[in-house]
Amino acid sequence: MMESSYIRTIGTAIKIMLKGSCPGASTIQIANMSLSGLVGPGADDNNYCGNTNDDALHRAICNSVAAGVTYVVAAGNSSGDASQEVPAAYDEVITVSALADYDGRPFEGAANTCNRDPQIDDDFAFFSNFGPDVDIGAPGVCIRSTWKGSGRHPNGTYNTISGTSMASPHVAGAATLYKSTHPSAFPGQGVHDRASQHRGQGEWSHRYV
Ligand SMILES: [Ca+2]
Ligand SMILES: [Ca+2]
């Protein structure tokens with residue numbers, strides 16, 4: 001969970017990127033944000049992009065989306081409504097909940113692959129945020145990925161963890177593939193809507209679907 005100072009710092013980083021002072025900024029088309037900050041009701045001032053509640057992060061993301069960058073963000077791991085956390089609450093981003101899938105196949109039955117989380121195959125992750133702000137769900141339980149370096153592995157290693165931070169990169173990858181074959185697709189009318197259309201039958205509006 002982020003503190004407000006970190007949220008402001010990320011907003012500033014996005015603004016710097018937009019100004020072109022970040023190397024390679026002009027080539028960025030998809031951004032994954034595996035992070036969330038609990039801010040409570042009113043986190044999203046809806047179509048006003050943070051201008052009515054002085055939300056610098058929301059303003060920065062809206063400006064970036066307007067410049068053509070698609071944002072894919074973690075819904076958050078508070079087992080609550082995603083509207084309480086940012087950037088998950090913003091309507092301009094693709095918000096991703098987590099589900100468990102241990103075999104890449106539909107229908108429950110595959111065994112838990114990390115034995116740490118009491119989570120049934122093909123079920124909504126117990127820790128995942130939910131609600132109308134969520135656009136899509138993706139695997140986020142027992143996910144093996146790269147991990148920051150420390151101790152015996154100063155240059156980085158691998159780890160298996162669970163969280164919506166592990167789910168959003170799946171969607172960011174899919175959005176990147178879509179963008180690669182639809183280069184003119186814009187975040188609002190293109191990539192975002194395409195992701196929402198393919199979210200399946202679940203509405204992701206309740207704790208479990
Ligand atoms: Ca919202
Ligand atoms: Ca499965």
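Could you look through the stretch 92-116, keep only residues that are of a type in the set (D, E, K, R) and buried (at least 16 other Cβ atoms within 10 Å of the Cβ), and pick out the one that is nearest to ligand 1 (Cβ to nearest atom)?
Going residue by residue through the stretch 92-116, those that are of a type in the set (D, E, K, R) are 92, 101, 103, 105, 108, 116.
Filter once more, so that each one left must be buried (at least 16 other Cβ atoms within 10 Å of the Cβ): 92, 101.
Values: 92: 9, 101: 26 Å.
Of everything passing the filter in the stretch 92-116, 92 is nearest to ligand 1 (Cβ to nearest atom).
Out of all the residues in the stretch 66-75, which are closer than 14 Å to residue 187 by Cβ and either modelled with pLDDT of 95 or more or not in a helix (DSSP H, G or I) (or both)? Full working, then the answer.
Within the stretch 66-75, the subset closer than 14 Å to residue 187 by Cβ is 66-73.
Listed by number, the residues that qualify are 67, 68, 69, 70, 71, 72, 73.
Evaluate the following for residue 113: is it within 16 Å of ligand 2 (Cβ to nearest atom) and among the hydroxyl-bearing types (Ser, Thr, Tyr)?
Values: within 16 Å of ligand 2 (Cβ to nearest atom): yes; among the hydroxyl-bearing types (Ser, Thr, Tyr): yes.
So residue 113 fits the description; yes.
Going through the stretch 124-178 one residue at a time, which ones are of a type in the set (D, E, K, R), assigned to a loop (DSSP other than H, G, I, E, B) and away from ligand 1 (no atom under 16 Å from the Cβ)? Before you say what the answer is, go through the steps one by one.
The initial filter retains those residues of the stretch 124-178 that are of a type in the set (D, E, K, R), namely 133, 135, 144, 148, 152.
From the residues that got through so far, the ones that are assigned to a loop (DSSP other than H, G, I, E, B) too are 133, 135, 148, 152.
The answer is 148, 152.
Under 6 Å between Cβ atoms, which residue pairs at least 6 apart in sequence (or on different chains) link something in the stretch 76-96 that is in a strand (DSSP E or B) with a partner that is within 16 Å of ligand 2 (Cβ to nearest atom) and among the hydrophobic types (A, V, I, L, M, F, W, C)?
96/138; 96/167
Kindly indicate the residue of the stretch 29-44 that is in a loop (DSSP other than H, G, I, E, B) and under 16 Å from residue 11 (Cα atoms) and also farthest from ligand 1 (Cβ to nearest atom) among those meeting that condition. First the steps, then the outcome.
Filtering the stretch 29-44 down to residues in a loop (DSSP other than H, G, I, E, B) leaves 29, 34-36, 39-44.
Next, only the ones that are under 16 Å from residue 11 (Cα atoms) stay: 34-36, 39, 43-44.
On the way: 34: 19, 35: 17, 36: 14, 39: 12, 43: 8, 44: 4 Å.
Per the stated criteria, the residue is 34.
Please name all residue pairs, on different chains or six or more residues apart, with Cβ atoms under 6 Å, provided the first residue is in the stretch 113-137 and is among the acidic types (Asp, Glu) and the second residue is not in a loop (DSSP other than H, G, I, E, B).
Close Cβ pairs satisfying both conditions: 133/82; 133/83; 133/95; 135/94; 135/95; 135/195; 135/196.
Checking the conditions here, which among 63, 53 is more than 16 Å from ligand 2 (Cβ to nearest atom), assigned to a loop (DSSP other than H, G, I, E, B) and surrounded by fewer than 22 Cβ atoms within 10 Å (Cβ to Cβ)? Talk me through it step by step, then tell me what you get.
Values: 63 fails: assigned to a loop (DSSP other than H, G, I, E, B).
From the options 63, 53, the qualifying one is 53.
One line per residue, one yes/no per condition, for (1) surrounded by 13 or more Cβ atoms within 10 Å (Cβ to Cβ); (2) of a type outside the set (Phe, Trp, Tyr); (3) more than 30 Å from residue 41 (Cα to Cα); (4) at pLDDT below 85:
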{"position": "137", "(1), (2), (3), (4)": "yes, yes, no, no"}
{"position": "145", "(1), (2), (3), (4)": "no, yes, yes, no"}
{"position": "149", "(1), (2), (3), (4)": "no, yes, yes, no"}
{"position": "160", "(1), (2), (3), (4)": "yes, yes, yes, no"}
{"position": "163", "(1), (2), (3), (4)": "yes, yes, no, no"}
{"position": "166", "(1), (2), (3), (4)": "yes, yes, no, no"}
{"position": "170", "(1), (2), (3), (4)": "yes, yes, no, no"}
{"position": "177", "(1), (2), (3), (4)": "no, yes, yes, no"}
{"position": "192", "(1), (2), (3), (4)": "yes, yes, no, yes"}
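The values are calculated or read from the model by the stated rules, or taken from the named source; none is laboratory data. Remember, predicted model here, so these are calculated numbers, not experimental data. Ideal geometry is used to build each Cβ from the backbone, glycine not excepted, and the neighbour counts take in all protein chains shown.
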